[in-house]
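Trainee: Take this structure, written in structure tokens, and hold onto it; I'll ask about it next.
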Amino acid sequence: MPAPLDRPASTLSSSATIPVSPSLEPKLEATISNHPLEDDTQAQKPAAGNPFAGKGSRFWLVFLALCVSTFLSALDLTAVSTTLISMAADLDSTEYSWVGSAYALTSTALIPWTGGLAAIFGRRSTMLGSLVIFAAGSAITGAAPSMNIVILGRSIQGIGGGGILTMTEIVIVDLLPLAERGAFFGVVGAVWAIASAIGPPIGGALASAGQWRWLFYLNLPLTAIAIVLVLFFLRIKEPQTTMKEKLAQMDYVNVLFVAGSTATILGLTWGGVSYSWSSYKVLVPLILGIFGMALFLWIEKRFVKHPTVPFDILSNRTSLAGFLMNFIHGIVSLAAIYYLPVYFQATKGTSAIQSGVNLFTLSFTIAPFAIFTGISIGVSGHYKLQNFIGWSLTIIGFGLTSMLRWDSSKGAWVGYPILMGMGLGVLYASTNFPVLAPLKPSQQPHAMAFFGFTRAFGQVFGIAIGSTVLQNQLTKNLPSEFTSQLGGSSEIAFSAIPLISGLAEPLRTEVRAAFANSIQTIWQVMIGLAGLGFLVAFAMRSLPLTSEVDENWGLAEKKPASASTAEVQV
């Protein structure tokens, strides 16, 4: 997530160089992992226990740029859901389901490649490229004359949005010692949660005014601000290599992974929503996608010198536990954010905008608990207890939420998700620490790119699992008198909701009860998954967090020169 510019403790002068051996390629990864920030001023060391102290103005300007970028990326992921009907009517199209899927698809599939590009072309260049691509996608979507162009624009937006989130995390890892990162990860987590919460109401309000295009046009000035701040203040020194050397470092086998993960995500996205799970349109991409990813892993393990997948990291028990917890957190968090509004619309008769407002109790709880958890880890130097607390609160929250019925009181549907939000917020800020704590500095940026992919892939699974459960349960629970009106639609859940308010009693109550009971099963599945996350936490070891600001954490002084014919600025 976001990263700073002015560094606490010692900084390198802009002329500092590190000589490297002529064999640049084997040393490239280690070199770029110690990206110091160029700065003319000596920043003060942060006060003990306060990770926010001692940072210069340039640090905060860059951190602001990265928070704005994260906000835009998260907002676009959720806000579009309440503009789809207006968008489809304006463009005279029924293919609106791809508007959301296209963004999620490209943002998830290309995340690992973003990490590789950052290692080769540098953090600043990759971040700027992600922002420009996101802005281009926003402009195309806003000006689109047809739904096909909207989908194209959203696909381009997704490439930029996924890159933004990945680069934010990588830059924080580069520029801050591990003991300080929790607080900043927490702030970024809060920004993500707030943007996810206010996105649907904002999108709905613009759609109601017939101005859905402004959801995308408004990205342009905000992205421009972020680009200017990154361009002028994020001066992370990069290896001075030729384009030929950069291209030689790229992992071209990653194309196979992108294709495989894309096919898998397509199958998961379509299954139970656009097509039945037994349809060849779902099974073929799932089978081919899984085969493609398996083939990619085999080739990477056997033949690739600088693999995209960090096999050396995955062999560490504590890091592997962190990745698994992050994947599960992605599943349960998106399931909560995605299906609570379905509960409100189907059982309480709320509009899309009001259901987004009702979600505030969850989202606005995630934000402060993410920040508090990050600070607590930095102050205490421990992360294991926070992970156990996070999973415990999440289990309790889903357990209480699973008790909601169609006629539950406002106190229940407002109060129960609060505990869920507390747990999810704690986990948002804590699951990266078991991943990073055992690793060498040169491994950490690579690990964070893969960390971002596991979270995004988990989020796709969260929507897919929830969709499958909901469709299957509705098939069993909805009264036949009502399902006969749906004409055999495979999208039972979303095609049925607009019809509920117009039903006569007692059929309306029966349908609302059927939805409540079906959504209850989603929460029960999430209880089981959160329980699995709790068990995985036992695999973690409690390792110390360094509070040193030195070369091992990207704040190196000049390294002693070695025999070389080339120099790389760091």
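Trainee: Once you treat every alpha carbon in region 252-305 as an equal point and sum by Debye, what is log10 I(q)/I(0) at q = 0.16, 0.18, 0.21 Å⁻¹?
Mentor: -0.46, -0.55, -0.66
Trainee: To make sure I understand, if each residue's beta carbon is the centre and we count other beta carbons within 10 Å, what order do T264, T431 fall in, fewest to most? Walk me through the numbers before you get to the answer.
Mentor: Numbers: T264 24, T431 31.
Ascending number of Cβ neighbours within 10 Å: T264, T431.
Trainee: Sticking with this one: Take peptides 531-538, 151-158 and line them up by average Cβ neighbours within 10 Å, highest first, as a rough protection proxy. Show your work: numbers first, answer last.
Mentor: Working: 531-538: 17.9, 151-158: 23.2.
Highest mean packing first, the order is 151-158, 531-538.
Trainee: Once you have the Cα-Cα distance between V132 and F303, take 0.36 nm times their residue separation minus that, and quote the gain in nm to one decimal. Before the final figure, lay out the partial values.
Mentor: Working: separation 171, 0.36 × 171 = 61.56 nm, distance 3.38 nm.
So the chain would gain 58.2 nm between V132 and F303.
Trainee: Just from the alpha-carbon atoms, what are the Rg and Dmax of region 101-148 in angstroms?
Mentor: Over region 101-148's Cα set, Rg and Dmax evaluate to 12.8, 38 Å.
Trainee: Here's another thing I want to ask about it. Starting from the Cα of F291, step 7 Å along the direction of its Cβ; do the same at S208; then give the gap between the two resulting points in nm.
Mentor: 5.0 nm
Trainee: Mean separation of Cα pairs under 8 Å and 6+ residues apart, divided by the residue count of region 58-250: what relative contact order is that in percent? Each step should come with its number before you reach the end.
Mentor: Working: 268 pairs, mean separation 74.3, N = 193.
Relative CO of region 58-250 lands at 38 percent.
Trainee: Still on this structure: For L77, L283, L268, what ranking results if the residue with the fewest other Cβ atoms within 10 Å of its Cβ goes first?
Mentor: Values: L77 26, L283 15, L268 23.
Sorted ascending by nearby Cβ count, the order is L283, L268, L77.
Trainee: Based on the mean of other beta carbon atoms within 10 Å per residue, what is the order of 401-408, 332-339, most packed first?
Mentor: Details: 401-408: 17.4, 332-339: 25.5.
Per-residue Cβ counts within 10 Å, averaged per peptide and sorted highest first, yield 332-339, 401-408.
Trainee: Take the cross-link list K348/K476; K384/K410; K281/K301; K281/K476; K305/K384; K384/K440 and give me the ones stretching past 29 Å between alpha-carbons.
Mentor: Values: K348/K476 21 Å; K384/K410 35 Å; K281/K301 31 Å; K281/K476 24 Å; K305/K384 34 Å; K384/K440 19 Å.
Flagged as over cut-off: K384/K410; K281/K301; K305/K384.
Trainee: Treat region 310-544 as a sphere of radius equal to its Kirkwood radius over Cα pairs and apply Stokes-Einstein at 25 °C in a medium of 0.890 mPa s; give the translational diffusion coefficient in µm²/s, rounded to a whole number. Mind dumping the intermediate values first?
Mentor: Details: Rh = 18.6 Å.
Translational diffusion coefficient: 132 µm²/s.
Trainee: Starting from 0.36 nm per residue, how many nanometres of slack lie between S501 and S480 once their C-alpha separation is accounted for? It would help to have the intermediate numbers written out before the result.
Mentor: Working: separation 21, 0.36 × 21 = 7.56 nm, distance 1.74 nm.
Using 0.36 nm per residue and subtracting the Cα-Cα distance, I get 5.8 nm.
Values quoted throughout were computed directly from the atomic coordinates according to the rules given, and no laboratory measurement underlies them. Treat the numbers as computed from the prediction; the structure is a model and nothing was measured. All Cβ positions, even for glycine, are placed from backbone atoms using ideal geometry, and neighbour counts span all protein chains on display.
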